[in-house]
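The structure appears below as structure tokens.
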Amino acid sequence: MARAARGPTITGPRGSGFKGNSLKAIAARAGIAEYLRILNEREKDFSPAWGGIIAEFHRQEQQVFMREGAIGGHPQWKPLSPRYHRWKERHRPGVPILYLGARGPHQSLANALTDPTTGGCKYKWGRFHLLIQTDVPVDGHDLGGLHMTGAPDRQTVTGARNPLPAREPIRLSMAEVWRMVGHALNWFLEGKSSTRAMYT
């Protein structure tokens, strides 16, 4: 003899089932429907997560400069040329790579990327995007961009050739990428936003 078909059940937190038309089932369905509605609203604007991601970015940059680029499997930055190394030791003894003060409103590329209060970075965001870029002007160029790509035909003010190798000042490890993703997930799944007051 065939068994009578059971009505739909929803498993509770302790594994106990309850009938699909019971009060608990109705409440559970209403709760799930409301949570899905909230997720649908949150997915329309991720900007509450940007502040935390910006903070993570600057924390990562502190590690990048402390280790001279050697993070997340990336190699250390290329050393200075012997000639420039001698000049730097004479004029800026003990100052690490990419810490030399730039002409313009910012002390150095390192300060611009590790300290959000210097004004050395620009932040642009919308509901679904975040852009972080350096803003350290030197001779009509952005210093961060010059170091990111290198300048093989760069010349000094005297006209002497002084090639600049690429030393990427912005580097991310996978661990850091996942920490940034975590801010977006915290917003989407739990509604936890990150303050961005200091970055606006």
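Restricting attention to region 62-76, which residues are within 11 Å of R167 (Cβ to Cβ) and exposed (fewer than 14 other Cβ atoms within 10 Å of the Cβ)?
P75, Q76
Quick check on my filter: what residues within region 41-51 are surrounded by fewer than 19 Cβ atoms within 10 Å (Cβ to Cβ) and in a loop (DSSP other than H, G, I, E, B)?
Hits for region 41-51 are E43, K44, D45.
Scan region 97-117 for residues that are farther than 16 Å from A166 by Cα, at pLDDT 80 or above and surrounded by 13 or more Cβ atoms within 10 Å (Cβ to Cβ) and jot them down.
N111, A112, L113, T114, D115, P116
Taking region 46-76 as the region of interest, how many residues are among the small types (G, A, S) and at positive phi?
3
Given the residues L131, L146, which is the only one that is at pLDDT 80 or above, surrounded by 12 or more Cβ atoms within 10 Å (Cβ to Cβ) and either aliphatic (A, V, I, L, M) or not in a loop (DSSP other than H, G, I, E, B) (or both)?
Only one candidate qualifies: L146.
On the given criteria, is R179 of a type outside the set (D, E) and at pLDDT below 70?
no
Suppose we filter R171, R196 for residues that are at pLDDT below 85, in contact with a helix residue (DSSP H, G or I) (Cβ under 9 Å, 6 or more places away or on another chain) and closer than 21 Å to R59 by Cβ; which single one remains?
R196
Kindly list the number of the only condition in (1) touching an Asp or Glu at 6+ places or on another chain (Cβ under 8 Å); (2) in contact (Cβ under 8 Å) with a residue 60 or more places away in the chain; (3) in a helix (DSSP H, G or I) that fails for I54.
The one condition I54 does not meet is (1).
Which residue out of I32, I71 is in contact (Cβ under 8 Å) with a residue 12 or more places away in the chain and either among the β-branched types (V, I, T) or under 27 Å from W178 (Cα atoms) (or both)?
Of I32, I71, the one residue that is in contact (Cβ under 8 Å) with a residue 12 or more places away in the chain and either among the β-branched types (V, I, T) or under 27 Å from W178 (Cα atoms) (or both) is I71.
The values are calculated or read from the model by the stated rules, or taken from the named source; none is laboratory data. This one's a predicted model, so the numbers in the text were calculated from it and none came from an experiment. For neighbour counting, all protein chains shown are included, and Cβ atoms are generated from backbone atoms with ideal geometry for every residue, glycine included.
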